Structures are given as structure tokens and as C-alpha cells.
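Peer 1: Here's a structure for you.
The values are calculated or read from the model by the stated rules, or taken from the named source; none is laboratory data. Just so it is clear, the structure is predicted and the values come from calculations on it, not from any experiment. Please note: Cβ atoms are built from the backbone with ideal geometry, for glycine as well, and neighbour counts cover all protein chains shown. Note: areas computed on protein heavy atoms with side chains; ligands, DNA, RNA excluded. Shrake-Rupley method; radii C 1.70, N 1.55, O 1.52, S 1.80 Å.
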Amino acid sequence: MKQPNLIVIYCDDLGYGDLGCYGSDTVKTPHLDGVADEGIRFTNWYSNSPVCSPSRASLLTGKYPARAGVGEILGAKRGSHGLPADEVTLAKALKPAGYRTALYGKWHLGLSEETSPNAHGFDEFFGFKAGCVDFYSHIFYWGQAHGVNPLHDLWENETEVWENGRYMTELITERSVDFIQRSREAPFFLFASYNAPHYPMHAPQEYMDRFAHLPWDRQVMAAMIAAVDDGVGEIVRALKQAGCYEDTVIFFSSDNGPSSESRNWLDGTEDVYYGGSAGIFRGHKASLFEGGIREPAILSWPNGWEGGQVRDEVAAMMDIAPTFLDLAGVDPAAGHLQGVALDGSSLKEMLQMREPSPHKQLFWEYQGQLAVREGDWKLVLNGKLDFDRVVPDQIHLSDLSRDPGERSNLADRYPEIVERLSRDVRDWYEEVQRHGS
């Protein structure tokens, strides 16, 4: 069977409720909706972390963040280390199978040469290495309190380049389209890593005008997402023009839920920001409640799966690497991956044979919070709503089938479930800390 092309399209701080196909009544995303119509839309897809660097580490390594050596948001100072050099990324594992690999956009897994995209298996890299940049100047401004001066952060492989005045979303799209046009001879893996809708809240006037009827916070959010959606449309068009759309697997998602940080506002206020929507779910970025970790997720492969599916099985970012390797015919126990234990599982059987989710339990940890999902049960310990706002109940148990928004705490009614799940998640946390990179 012909090896499929593989594409990951990743957003930054995109909420579950901010796509048309996920029920948004303000954001219009016709191109992503079209990919969902021709593919599979997931309703129980999770990030492995409520923040960016750990989520991306899981996506690329197939491991829980702590076991991949990236449990926190990484800094931006030049030369800072990140994803350990001995970790095997999806890009590195695909290269021996003949894949050309490229990453355009956000990396945020290390600024040193040995932890750069090129060192981790990407033949081509164009983008920025830190967590965020100004969309037009590509300067990182946000680390002064941590001793990091503003720094320019745009690179072509290991060479600094300048594209002053060019909107970052459009640059990522341009590079992705060009790569597709140049990749007709061999299968490819493309990681289109958009930084939208992460702050700073910037969008070209044409996109702002589309949503002029909305209040500013929702307007700029919708505009930034619409620019990504147009980029997805251009990527799909390029695949069709190259005659390889049907043989290409596209995965779309985001690293974590919407940010409530006051820095999203541009008026100097310290208000909580509600421009992004987690839909019915509780919590934002940095929270282990559903709003921080449940993500929109779309998987399309016209030659591989029937389109128009909505799937409710539980899955996570760490499943993408083993799934893509399986679809590419790469043995996850051979080559670079020999002896490497993955936490994620291939979803091939689940998708093609209607097998159940490979996960009996999923676990999370972040800055003192712990969480576990087992079936419809979800336990959160020491939960927060975002980086700062704590909740009154240190132990929160939900039945997601009846209460997906985690509004009712059932901990007192089911103490035996609380005890068992608490023990399981604490045992897991001890294990990943002990066996992390």
C-alpha cells in the first residue's frame, strides 16, 4: 500500500467551542468544517497538558510530557535547552522510511542547536523557537520579568531571517503550500504549527472587517481563527492541485484550551479574558478541568476512512505519533524507536475496525494539579480554572456522561471511586517522575 503523506495542523490556545463544526455561533471556519465533513471529528480528544510546550512534546514523541522531559512551559532565552536530544520525535522516526519532513511556525521545544527542529528530525524549519512572537515583527516581548530582553525570533533552519511586516499566519501557510508543491516524489510529513490565536491579539484588517459586528475580544479572536481557516483551505487546495489530497492524512487540533490571561487584552486592563470559548466546558488554559485539555480534533484521510464521522472514543495527542507511524508502515519497535516505550497507542484499529479506545485511563499533571479520566469518571485534585484561580474543592469527581461541564462535585457520594482514582493518578505521577527523561 502506498505510504500516505502526513500533515499535522496545530493551533495555539484554541478552545473547544471556537470552530464552526464544534458549534461556534460567531467564528466561521468553512475550510476546517469541510475537512471535518470529509473526515472524522472527535468529541473526546485531549491534550496531554493544559499548556503549550508539554502538549507539543507529547504530540511529537508519543509520551506523557514528564516522560518526554518537558513538563513545563519552556523559556525563551537564546540557547535554552528543551526536548532532550535523545528523544525520538515523529519526524526523526519517519525519515528512515523515506519521508521528507518540515516544520513551519511555532516550535517551543528548545532554543539550543541540539534541541532545535533540525536536530529533532525536521529537514526544513521556518518559524520561531520560543513560545510566542509579535505577529508582524516576530519579536518576543514577554520575558522581561524573567530576565529575558525582547528578542527577534524568526529562523530559516539555524539562520536568523527577517520578514518585518508579514503576518505570521500567512507566512506559515505560504511555506506549507510551497513544501507541498515541492514534494511530489516522496512521501512527506508536514507540521504546520500556527501560533494563532495565542496573544498578542493581531489580525489583518480584512479579517477584522469580517467580524465587525462582534465585541472586540470576540472579533479579534474570530479574525485570527479565520486567517488560520483560510490557510487550511490553501493547504487543501495545494494538495488537490498536486494530486495527493486523497493520499494525505490530515490531523488538526490545538495544544490546549483558550487563554484567560489578562495580557490578551490590549487596553492595559487586568481583566480576565473571555475572548476564546471552551464551549460548555469548565476551565481555561493551565486548568485540568475539561476546558483546559479537551480539544477540537479532526482527522481526515479520504483513501483511508469514510468521511462525515463523529467519534466519541477517548484519545489524546500522544496517540498521533504511534498512529502516524502505523499508517506509514513504520514498526514502532524498530529503528530509532527500538527500546523506546510509548505511552500513546495507534488508533488505526479503533478507526478502521471500530475497536474501543485503547485507553482505560488517561492521566494529567500540571503545577500541583492531578487528573484522571476512566470511562465517564473524571477526578481532578487541587484543580484550578487557569494559572491563578483556584476552586474551593480540592477533590472534584464528575460523571462526564451526565455533567460534561464538571459543575457538580460527586466526591462525597462516591468515596470509593475517589479513593481508587486518587491512588491510581498518584501512582502514575510517581512512575512518570521516576522514569522521565
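Peer 1: Could you grab the pairs with beta carbons closer than 7 Å, sequence gap of 6+ or different chains, first residue in region 324-352 and in a loop (DSSP other than H, G, I, E, B), second one charged (D, E, K, R) and surrounded by 20 or more Cβ atoms within 10 Å (Cβ to Cβ)?
Peer 2: 342/63; 343/63; 343/67; 344/319; 345/319; 347/319
Peer 1: Could I ask something else about it? So which residues in region 42-67 are of a type in the set (Gly, Ala, Ser) and closer than 19 Å to residue 372 by Cβ, if there are any at all?
Peer 2: Once the filter is applied, which keeps residues that are of a type in the set (Gly, Ala, Ser) and closer than 19 Å to residue 372 by Cβ, region 42-67 yields 47, 49, 55, 58, 66.
Peer 1: Which residue pairs have Cβ atoms closer than 6 Å, lie 6 or more positions apart in sequence or on different chains, and pair a first residue in region 219-242 that is touching a residue at least 12 places away in the same chain (Cβ under 8 Å) and closer than 16 Å to residue 192 by Cβ with a second residue that is in a helix (DSSP H, G or I) and among the small types (Gly, Ala, Ser)?
Peer 2: Close Cβ pairs satisfying both conditions: 235/176.
Peer 1: Of all residues in region 89-134, which are of a type in the set (Ser, Thr, Tyr) and part of a loop (DSSP other than H, G, I, E, B)?
Peer 2: Within region 89-134, 89, 99, 112, 116 meet the criteria.
Peer 1: Would you check which residues across region 359-384 are free of Cβ contacts under 8 Å to residues at least 40 places away in the same chain and closer than 18 Å to residue 64 by Cα and list them?
Peer 2: 360, 368
Peer 1: Could you please let me know if residue 355 is free of Cβ contacts under 8 Å to residues at least 12 places away in the same chain and either in contact with a helix residue (DSSP H, G or I) (Cβ under 9 Å, 6 or more places away or on another chain) or surrounded by 15 or more Cβ atoms within 10 Å (Cβ to Cβ) (or both)?
Peer 2: Yes, satisfied.
Peer 1: Got a sec? Which of 30, 50 is buried (at least 24 other Cβ atoms within 10 Å of the Cβ) and either touching a Gly at 6+ places or on another chain (Cβ under 7 Å) or of a type outside the set (Asp, Glu) (or both)?
Peer 2: Of 30, 50, the one residue that is buried (at least 24 other Cβ atoms within 10 Å of the Cβ) and either touching a Gly at 6+ places or on another chain (Cβ under 7 Å) or of a type outside the set (Asp, Glu) (or both) is 50.
Peer 1: Taking the stated definitions as given, is residue 6 outside any helix (DSSP H, G or I), surrounded by 20 or more Cβ atoms within 10 Å (Cβ to Cβ) and of a type outside the set (Gly, Ala, Ser)?
Peer 2: Spelling it out, residue 6 is indeed outside any helix (DSSP H, G or I), surrounded by 20 or more Cβ atoms within 10 Å (Cβ to Cβ) and of a type outside the set (Gly, Ala, Ser).
Peer 1: Still on this structure, I have one more. Given the options 208, 201, name the one that is of a type outside the set (Asp, Glu) and part of a helix (DSSP H, G or I).
Peer 2: Residue meeting the stated conditions: 208.
Peer 1: Every residue in region 29-59 that is under 16 Å from residue 323 (Cβ atoms) and either hydroxyl-bearing (Ser, Thr, Tyr) or within 10 Å of the chain's Cα centre (by Cα) (or both), please.
Peer 2: Residues satisfying the conditions are 46, 47, 48, 58, 59.
Peer 1: Continuing with the same structure: With the condition kept exactly as written, say whether any residue in region 186-204 is farther than 26 Å from residue 51 by Cα and either surrounded by 18 or more Cβ atoms within 10 Å (Cβ to Cβ) or among the basic types (Lys, Arg) (or both).
Peer 2: Yes, because at least one residue in region 186-204 is farther than 26 Å from residue 51 by Cα and either surrounded by 18 or more Cβ atoms within 10 Å (Cβ to Cβ) or among the basic types (Lys, Arg) (or both).
Peer 1: Identify all residues within region 127-168 that are surrounded by fewer than 14 Cβ atoms within 10 Å (Cβ to Cβ), closer than 15 Å to residue 105 by Cα and among the hydrophobic types (A, V, I, L, M, F, W, C); write none if there are none.
Peer 2: Of everything in region 127-168, those that are surrounded by fewer than 14 Cβ atoms within 10 Å (Cβ to Cβ), closer than 15 Å to residue 105 by Cα and among the hydrophobic types (A, V, I, L, M, F, W, C) turn out to be 161, 162.
Peer 1: For region 230-247, name all the residues that are assigned to a helix (DSSP H, G or I) and not charged (D, E, K, R).
Peer 2: Hits for region 230-247 are 231, 232, 233, 235, 236, 238, 239, 241.
Peer 1: Right, another one. Residue 73 fails exactly one of the following numbered conditions: (1) touching a Ser or Thr at 6+ places or on another chain (Cβ under 9 Å); (2) open to solvent by 10 Å² or more (accessible area, probe 1.4 Å); (3) farther than 23 Å from residue 274 by Cα. What is the number of that condition?
Peer 2: (3)
Peer 1: State the number of residues belonging to region 90-111 that are out of contact with any Cys (no Cβ under 7 Å at 6 or more places or on another chain), without any contact (Cβ under 8 Å) to a residue 60 or more places away in the chain and open to solvent by less than 10 Å² (accessible area, probe 1.4 Å).
Peer 2: 2
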